[in-house]
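Scroll down for the structure; my scribbles are underneath it.
The values are calculated or read from the model by the stated rules, or taken from the named source; none is laboratory data. From a predicted model like this one, the values you see are computed outputs, not experimental measurements. Virtual Cβ from ideal backbone geometry, glycine too; neighbours counted across all protein chains shown.
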Amino acid sequence: MNKIITVFRGDGIGPELAESALRILKAAHAPLTYEIFDVGEGEWRRNGALIPDAAFASFEKTRVLLKAPITTPVGGGFRSLNVTLRGKYDLYANIRPVKSSTAVKTPFHDVDIVIFRENTEGLYVGKEEQIDENTVHAVKIVTRKASERIIRDAFEYARLHGRTKVTCVHKANILKRSDGMFLEIFREIARGYADIQADDKIIDNTCMQLVMNPSQFDIMVMQNLYGDLISDLCSGLIGGLGLVPSSNIGKEYAMFEAVHGSAPDIAGKHLANPTAFVWSACMMLEYLKEFECAGKIRQAVDRVLAKGEHLTRDLRGAASTEEYVEAVIAEL
Ligand code: NAI
């Protein structure tokens, strides 16, 4: 019997990506039924709701969401819907695999990192207080509960997937209490995983090490803001944001999305690379234990990337989004 999932089409390149992934999922005969919703800035302009009640209700029923990117206004405006969804449904583990593809030429060939980003607290709680005209305080929340569960998940993932090392990324030299506690919890938990190497690095040094020698890293675990920044940096090591998928996992709900945003600069121009979003759909299929279907799609995408005849412009190709999708479907 088909599993029902919710799909949010998002803003900018979101609808193009949703369309691409749905075509590929259907071509691969994924055993899924889709409840599809427009959400985000566009929906708010059209109908006055960023996320319609029916879309929330669908996710609360299906508990699995494939979400295309959503635009968030810079400076003022509404709070990020991504941050809202992660908080509302306690999607605490943001897991972002970053892996070199032999088909995409970059200075590095052996990047294989999985980032575990704490997804519910840190500076992203959005507690900003105007003290006076020239002073604003932003509060960073760090709790033992949220730190423990993301760090433990990183070690469990390492064990399950035969990984050898977990690195904690922090700024505990300056933020001695908040990051200090995160690091202390990391060291406590690491003691229970003697089979896995554990080390830690200050975030500034981490950035330099990543662009000099990324293959030294395996699993990386960090707080919310650091995870946001480090994942975009890592995407640059393997050929860009078009290649990094993610899952946002909680105890009851799961949401799958590309790491990148709504890319308004290329929206509607048929230039979007759907790979990251299609791989996010594969992560969703794996979460649903549809391994065979996920594997089939992954192989088809790998073949298209390896042949190099239908690459999108971000990968130095000339194919449109639709041509790329056709090529993947032909491989399927
Ligand atoms: P972005 O990730 O949308 O784009 C950064 C650069 O990467 C742009 O040059 C864009 O064209 C390119 N790019 C991104 N995805 C691509 C793809 N699939 N194929 C080819 N090129 C791609 O970041 P930006 O421009 O800073 O943010 C735009 C909007 O997206 C903002 O409103 C931001 O808040 C939102 N955003 C949403 C996210 C989400 O829904 N999870 C995550 C990150 C940003």
Exclusive hit being within 16 Å of the ligand (Cβ to nearest atom), hydrophobic (A, V, I, L, M, F, W, C) and not in a helix (DSSP H, G or I), set 70, 131: 70
Among (1) surrounded by fewer than 24 Cβ atoms within 10 Å (Cβ to Cβ); (2) among the acidic types (Asp, Glu); (3) part of a loop (DSSP other than H, G, I, E, B) - the single one residue 19 does not satisfy: (3)
Subset of the range 184-215 (residues that are of a type in the set (A, V, I, L, M, F, W, C), surrounded by 13 or more Cβ atoms within 10 Å (Cβ to Cβ) and not in a helix (DSSP H, G or I)): 196, 198, 202
Cross-chain or 6+ apart pairs with Cβ under 6 Å, the range 28-52 first and more than 25 Å from residue 264 (Cα to Cα), then β-branched (Val, Ile, Thr) and assigned to a helix (DSSP H, G or I): 28/297
Scan of the range 150-183 for residues that are part of a helix (DSSP H, G or I) and touching a Phe, Trp or Tyr at 6+ places or on another chain (Cβ under 8 Å), ordered by number: 150, 151, 153, 154, 155, 157, 158, 159
So residue 116, is it in contact with a Phe, Trp or Tyr (Cβ under 9 Å, 6 or more places away or on another chain), among the aromatic types (Phe, Trp, Tyr), part of a helix (DSSP H, G or I) and surrounded by 22 or more Cβ atoms within 10 Å (Cβ to Cβ): no
Qualifying residue in the range 262-280 (condition: surrounded by fewer than 23 Cβ atoms within 10 Å (Cβ to Cβ), of a type in the set (Asp, Glu), touching a residue at least 12 places away in the same chain (Cβ under 8 Å) and not assigned by TED's automatic domain parsing to the domain that holds residue 163): no
Yes/no for residue 259 being more than 9 Å from the ligand (Cβ to nearest atom), touching a residue at least 24 places away in the same chain (Cβ under 8 Å) and in the same structural domain as residue 318 (by TED's automatic domain parsing): no
Only one of 190, 194, 146, 158 that is touching a helix residue (DSSP H, G or I) at 6+ places or on another chain (Cβ under 8 Å), of a type in the set (Gly, Ala, Ser) and not assigned by TED's automatic domain parsing to the domain that holds residue 80: 190
Among the residues listed as 85, 66, the single one being of a type outside the set (Val, Ile, Thr), crowded, with 19+ Cβ neighbours inside 10 Å, more than 22 Å from residue 234 (Cα to Cα) and at pLDDT below 95: 85
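Which fully enclosed helices (runs of 4 or more DSSP H) of the range 252-332 have 2 or more residues being more than 20 Å from the chain's Cα centre (by Cα)?
291-307, 321-331
Rundown of residues vs (1) touching a Cys at 6+ places or on another chain (Cβ under 8 Å); (2) within 16 Å of the ligand (Cβ to nearest atom); (3) hydrophobic (A, V, I, L, M, F, W, C), yes/no style:
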residue	(1), (2), (3)
83	no, yes, yes
87	no, yes, no
94	no, yes, no
112	no, no, no
119	no, yes, no
Of residues in the range 236-256 being within 9 Å of the ligand (Cβ to nearest atom) and surrounded by fewer than 23 Cβ atoms within 10 Å (Cβ to Cβ), the one nearest to residue 294 (Cα to Cα): 241
